[in-house]
Structure formats: C-alpha cells, structure tokens
1. Show me, for segment 102-115, the HN-Hα J-couplings you get by feeding each phi into the Karplus relation (A = 6.51, B = -1.76, C = 1.60, θ = phi - 60°), rounded to Hz, glycine and proline as x.
2. Gln97 versus Asn167, label points 7 Å from Cα toward the beta carbon: distance in nm?
3. Could you tell me how many cubic angstrom of Cα convex hull volume segment 71-182 has per residue?
4. Any idea how far apart Arg85 and Asp124 come out in nm if each label point goes 7 Å out from Cα toward Cβ?
5. Rank by packing, highest mean first: peptides 125-138, 100-113, with packing defined as the count of other Cβ atoms within 10 Å averaged across residues.
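Read-outs throughout are calculated quantities, based only on the coordinates presented, and are distinct from any laboratory measurement. What you are looking at is a predicted structure, and each value in this text was computed from that prediction instead of being measured. Here the Cβ positions follow ideal geometry from the backbone for every residue, glycine too, while neighbour counts run over all protein chains shown.
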Amino acid sequence: MPNGSRVSRKSGAIQSQPCTIPFGAGYEYTPDFLVIYRTTLGPAHLQKPSLLVEVKPRSEWRANWRAWSTKWKAARRHAIEMDWRFTIMDEERIRGQALENIKFLRRYDDLVYDEGLSLEIIEDVEARGVVTFGDLLSRRYPEIHRAEGIGHLWHLLATRRLDCDINLRLSYNTELWIPGHE
C-alpha cells in the first residue's frame, strides 16, 4: 500500500489512525479512523467503499479550514488511490445510540463460542427471518444457561454474523436477522 498504509482487511471494522499520509514539504497527516464496511453479497456497484474519517469539533474546523485544507486534499487523493472515500465529521455527528451500541458490542467481539451452536443459532434466525433477541435467547438457552446465551448472542452481533438496526437501543426487544436479509 502506498504511503505507509497498513490496514487490516477485516470486514466491518473501525481502525484508529489507520495510515500516515505525506503532504506538502515534509509534513505528514494521520486521519482519525478508517471505517471498513462489511462486504455485502451482490454486484460490485452495491459494495460500500471504506471511509477515511477525520473528526474535529465544528468550531475548530470552521476556524482552521484554510490551514488544514492541504492535508485534507492529500487525504482525499490518498483515499481515491485506495478506492476509499474521505470525509470530515464533527463530534456531534458521530455521537449517539449507534456509537454507544458499537462500544457495548466491542467487548463481545473476541469471545469464543462453540461454532456448531453458533451455526444452529444462525440457521434458526435464517429460518424465522426476523426474531427478537429475547425470543431467540429463550428458545436457545434454558434459564440456567441464560448468561452464556446473552454473551453468545451479543458476540454474534459484534462479529456481524447476526444483524440489527444499530441505531436503536440494544435490548431484549432488538430485532435480529441475517446480514444481507434486511
């Protein structure tokens, strides 16, 4: 990858300070995040390109846009070279329920569960189309194993093997489905 970029190809990931981009006479710029969207099934034109993101408070970028425009132009060129998009977001735009849910699910991402049971749960959801978290938990886990079941279902969401509307508060009423079958 050009310009020292080292980016994981993990689908559905958010990477902090993903690359360093040279610009101007000996300067370097490191964007805040790279959002790698999960790969969807279907034609290439429906694939969502990764998004290189700079986050700044609105008051700062409005006051400094001329001084920072050179590095942001370099970031846009770099993004185009990588088949990404580049955007600048203010902090207000990224705060909200989706961010809270992502932070909550992150703790379940690296947990390990029985793959056979994971496949059974996924098949169950696929057969039913849409199911609430609470209903799936009750169907798959007896009361004595509820705590393990909660972790397992959050893990399947965190690893994007199950999907939900990430913009809504996660709860027992959260509707789950198979990614790509919304």
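1. 5, 4, 5, 6, 3, 5, 9, 4, 9, 5, 10, 10, 4, 5
2. 0.9 nm
3. Numbers: hull volume 15.1 nm³, N = 112.
Considering the Cα atoms of segment 71-182, their hull volume per residue is 135 Å³.
4. 3.7 nm
5. On the way: 125-138: 15.6, 100-113: 13.3.
Per-residue mean Cβ counts within 10 Å order the peptides as 125-138, 100-113.
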